[in-house]
Amino acid sequence: SAVISQKPSRDICQRGTSLTIQCQVDSQVTMMFWYRQQPGQSLTLIATANQGSEATYESGFVIDKFPISRPNLTFSTLTVSNMSPEDSSIYLCSGGGDSTEAFFGQGTRLTVV
Amino acid sequence: AQSVTQPDIHITVSEGASLELRCNYSYGATPYLFWYVQSPGQGLQLLLKYFSGDTLVQGIKGFEAEFKRSQSSFNLRKPSVHWSDAAEYFCAVASSYKLIFGSGTRLLVRP
């Protein structure tokens with residue numbers, strides 16, 4: 001199994017600012033994903049972070065709002081841009097080799113005030 | 001479209017009692033199915049997964065799940081619940097390397 005570390009674990013941000021969340025995996029993984037979990041809700045996939053190319057975004061999520069980088073097979077970042085209170089959520093990074101495994105970080109709890 | 005349904009929003013059981021959490025999926029091919037647990041303020045921990053083979057899957061913390069293709073179900077069970085099992089439980093199906101999650105079931109444990 002892979003161990004996934006996320007930083008920061010939580011943050012309180014002012015509206016209109018941006019926050020970059022880092023995700024580090026302790027081994028190389030083929031796939032990395034970013035999910036959002038709004039308060040009291042389930043997880044929704046934001047995008048697939050592709051190594052060496054642009055991320056693949058799900059319906060309802062756009063690159064201008066959630067730019068993603070993946071410079072190598074163990075690291076990815078998600079930026080939440082121009083934040084509003086509606087962006088207050090837990091953001092989770094996930095990594096795995098294929099459909100047979102998916103491990104999650106502890107998440108980043110974001111509050112926008 | 002692929003989907004996962006967890007019909008129970010909340011379940012309350014007494015400590016020591018048995019537990020079954022329901023999960024139904026909609027998927028065209030043989031599904032890859034997962035159960036995760038999320039304790040308050042924590043990320044997701046993988047309890048168990050099913051890909052193929054034996055339809056009864058054993059996981060961590062004494063949990064097991066049974067895949068029933070005829071019922072499109074993948075219910076999670078535990079014979080004796082502990083107070084530390086109180087958490088949110090998510091069922092998920094893998095679709096093109098992505099996970100589609102159910103809405104979750106919150107488990108409350110009575111002393």
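The values are calculated or read from the model by the stated rules, or taken from the named source; none is laboratory data. Treat the numbers as computed from the prediction; the structure is a model and nothing was measured. Methodologically, a virtual Cβ is constructed for each residue, glycine included, from the backbone with ideal geometry; neighbour enumeration extends over all protein chains shown. Heads up: the accessible areas ignore ligands, DNA and RNA and are worked out on the full protein's heavy atoms, side chains in. Shrake-Rupley method; radii C 1.70, N 1.55, O 1.52, S 1.80 Å.
Numerical summary
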{"quantity": "For the range B:71-101 versus the range A:1-36, the gap between their alpha-carbon centres in whole angstrom", "calculated": "23 Å"}
{"quantity": "Accessible area in square angstrom per residue, the range A:4-112, 1.4 angstrom probe", "calculated": "45 Å²"}
{"quantity": "Beta bridges per DSSP with both ends in the protein assembly as shown, % antiparallel, nearest 5", "calculated": "90 percent"}
{"quantity": "Estimated vicinal HN-Hα couplings, Hz - the range B:38-54 in sequence order (Karplus 6.51, -1.76, 1.60; Gly, Pro = x)", "calculated": "10, 7, x, x, 10, x, 9, 10, 6, 8, 6, 8, 10, 10, 5, x, 3"}
{"quantity": "Inter-part distance where the range A:54-86 and the range B:11-50 are each reduced to a Cα centre, Å", "calculated": "28 Å"}
{"quantity": "Long-range HN-HN contacts of A:N50 with modeled amide H, under 5 Å", "calculated": "A:A55, A:T56"}
{"quantity": "Student exercise, the protein assembly as shown dipole from Lys, Arg, Asp, Glu Cβ charges, in Debye to nearest 20", "calculated": "200 debye"}
{"quantity": "Residue with peak Gaussian network fluctuation, chain B [Cα springs, cutoff 10 Å], from B:A86, B:A29, B:A94", "calculated": "B:A29"}
{"quantity": "Point-charge dipole on Cβ atoms (K/R +1, D/E -1) for the range A:4-112, about Cα centre, debye to 20", "calculated": "300 debye"}
{"quantity": "The range B:3-110 - charge dipole about Cα centre, Lys and Arg +1 at Cβ, Asp and Glu -1, debye rounded to 20", "calculated": "160 debye"}
{"quantity": "Calculated from backbone phi, Karplus (6.51, -1.76, 1.60) coupling profile of the range A:23-38 in Hz, x at Gly/Pro", "calculated": "10, 10, 10, 7, 8, 5, 10, 6, 10, 9, 10, 10, 10, 10, 10, 6"}
{"quantity": "Exposure of A:S69 as accessible area (Å², to 10), given a probe of 1.4 Å and all protein chains", "calculated": "50 Å²"}
{"quantity": "Computed over chain A, Cα set: Rg, Dmax in Å", "calculated": "13.1, 39"}
{"quantity": "B:A17 long-range amide H proximity, modeled H, under 5 Å", "calculated": "B:V81"}
{"quantity": "Selected from B:F101, B:L46, B:S84, residue furthest toward positive end of dipole (the range B:3-110; charges at beta carbon)", "calculated": "B:F101"}
{"quantity": "Under Karplus coefficients 6.51, -1.76 and 1.60, residue-wise ³J(HN,Hα) of the range A:104-112 in Hz, glycine/proline x", "calculated": "10, x, 6, x, 10, 8, 10, 10, 10"}
{"quantity": "Virtual spin-label span in nm between B:S52 and B:R110, 7 Å along Cα→Cβ", "calculated": "4.5 nm"}
{"quantity": "Accessible-area value, B:D8, 1.4 Å probe, nucleic acids and ligands omitted, Å²", "calculated": "30 Å²"}
{"quantity": "Solvent-accessible surface ranking, highest first, for B:S52, B:S80 at 1.4 angstrom", "calculated": "B:S52, B:S80"}
{"quantity": "Cα-derived Rg over Rh, computed across the protein assembly as shown with Rh taken as Kirkwood radius", "calculated": "0.97"}
{"quantity": "Spatially proximal lysines relative to B:K49 (Cα-Cα < 29 Å; intrachain offsets below 8 disregarded)", "calculated": "A:K7, B:K61, B:K68, B:K78, B:K98"}
